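What follows is calculated from the coordinates using simple rules that are stated; it is not laboratory data. Computed from a prediction, not measured in an experiment: that's the story for all the values here. Cβ coordinates were reconstructed from backbone atoms using ideal geometry, including for glycine residues, and neighbour counts include every protein chain displayed.
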Amino acid sequence: MADLWWIYSKPVPADGRELWTLFLQCSCITVVIGGLFYNWVFASLEYSWHLSVAMAVSFSLLLLLTLLLVHPARCVFSMIMPTLGTKQGRQLLLSTCIMIAVVNITPNIISNIKTILQVIKCICKNSSDSLLNSTALLDKVSWEFGDAIQDTIHSIYKPMNGHFRFSLLQNSSLIYQKMHLAGEKISRDFSSVEVLVKDSIRVTKRLAAGFFMLCLCFESTWYLKNYLTDLRFDNFYITKKLERLATDRRAAHLLVGSSKKLIRPRGLKLSWEEVVLCLVRAMLVTVALMLMLVLVAMDHFAFSMADTAVTKAAQFSTVPVTLNIKYKVGAGLSWLMPFLFKVFGRPSEELLLGDFNRTYHHHLIFSSACCSISPPTPPNPSVLLVVGLLFCILYTTVFLEAYTRRLCRGIAASFFQSCEERRVLYLYRKLSRRH
């Protein structure tokens, strides 16, 4: 492994064997990265199959030529993986986490809201049907009641017309048509909003992915540029070269006296400044986690509301309505009626003109099995698992950022050993002056 890394990090291969070894190394790296790039573009960024293949092949060929011919590009590429543990990597992981949550949770929330609206539409339709049927019942009651008034036993007291007139809406299809149009309009509005959200998320995801990948490359390039041009940049480590230089010059006490300010690159010690930065970064990740939990809670709340609405709508019982009509009328005895009864020989008792006592039953229906209601969609546990794992990685990168910077420095030192010697000599002279 040491020999392979030595060939990979050399500016120019020494012979044909090293050239073929470097070519095989770059080819293996290109094949793996090209496959991951294709899967990322096709599955995550949702590009077409043909475009994904073309992009993956072009990217792989360009990467192979760049790694094989450009020595600093190999160094930058090697530092990209450790850079994933720094700020830029956290931004990329956080954007990926947000996109995964939004792409999978937002449509679920919209679907559950549509289910609630379907339940409301079903209840409105069935209740309006029941109300229209109740008006038909009233029409029937009025005509039977009018017929009973007409069929009185004494024709002299018979009214001219005992029927009631109800102004009923006979064309109920107009109401159904309006309700259907209103439901279709709501469905179209929700569908357009859902399509707009999906398109916006897709475009945002692609832009964010490209931006953060450029940021990763820029971060590695920026680190390498500062490493090569600034001898003070990230130069506070007790490396083996520094120990060897101090031992050769019999100044090992310089490293012992400055142990509080210098850090061993392979050690686990963190400075106070690094600990404070880790805590601040952890607070920022926690804020993002709380916002993500709010979105997850909205998903669970929408599902709970939709499930409750569907369950309660199915349990709606019919409401019985009883209409009881009692009607009794008679001719009262005034001061004139007894005299007329005596003249015409009629009995002077109250005449019963009519008696009407009937009961009508009706049922108001609020729900029906004929309604097309899509079942509520529960939250996807796999999405929660993926988001949870990504946030665990985010918290891990917060505390590993200091170590990833040390790894980046080690990679740069192995690629540019002459520059590393100058940096070690600069740090040694600085410690000597302080002593």
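Overview of values
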| item | result |
| --- | --- |
| Summed residue charge, Cβ within 13 Å of GLN88's Cβ, Lys/Arg positive, Asp/Glu negative | +2 |
| Förster radius 51 Å - calculated FRET efficiency between TRP5 and SER200 (Cβ-Cβ, nearest 0.05) | 0.70 |
| Karplus-derived 3J(HN,Hα), 6.51/-1.76/1.60, for each residue of segment 273-281, Hz, glycine and proline x | 5, 5, 5, 4, 4, 4, 5, 5, 5 |
| HN-Hα J in Hz across segment 102-111 - Karplus 6.51, -1.76, 1.60, θ = phi - 60°, x for Gly and Pro | 5, 5, 9, 8, 4, x, 5, 5, 5, 4 |
| Which listed pairs, of LYS140/LYS328; LYS125/LYS328; LYS87/LYS205; LYS125/LYS185; LYS114/LYS312; LYS178/LYS198, have C-alpha distances above 27 Å, in listed order | LYS125/LYS328; LYS178/LYS198 |
| Whole-Hz couplings from phi, Karplus 6.51/-1.76/1.60, listed for segment 310-315; x for Gly and Pro | 5, 5, 5, 5, 5, 8 |
| Summed side-chain charge close to LEU394 - residues other than LEU394 whose Cβ falls under 13 Å, Lys, Arg +1, Asp, Glu -1 | +2 |
| Anchor LYS10: lysines whose Cα lies under 28 Å away (excluding residues fewer than 8 positions away in-chain) | LYS225, LYS240, LYS241 |
| Theoretical FRET efficiency, 1/(1+(r/R0)^6), r = Cβ-Cβ of LEU364 and LYS326, R0 22 Å, to 0.05 | 0.45 |
| Modelled FRET efficiency - R0 41 Å, MET81 with ASN380, Cβ distances, 0.05 increments | 0.85 |
| Extension gain (nm, one decimal) between VAL32 and VAL319, 0.36 nm per residue minus Cα-Cα | 96.6 nm |
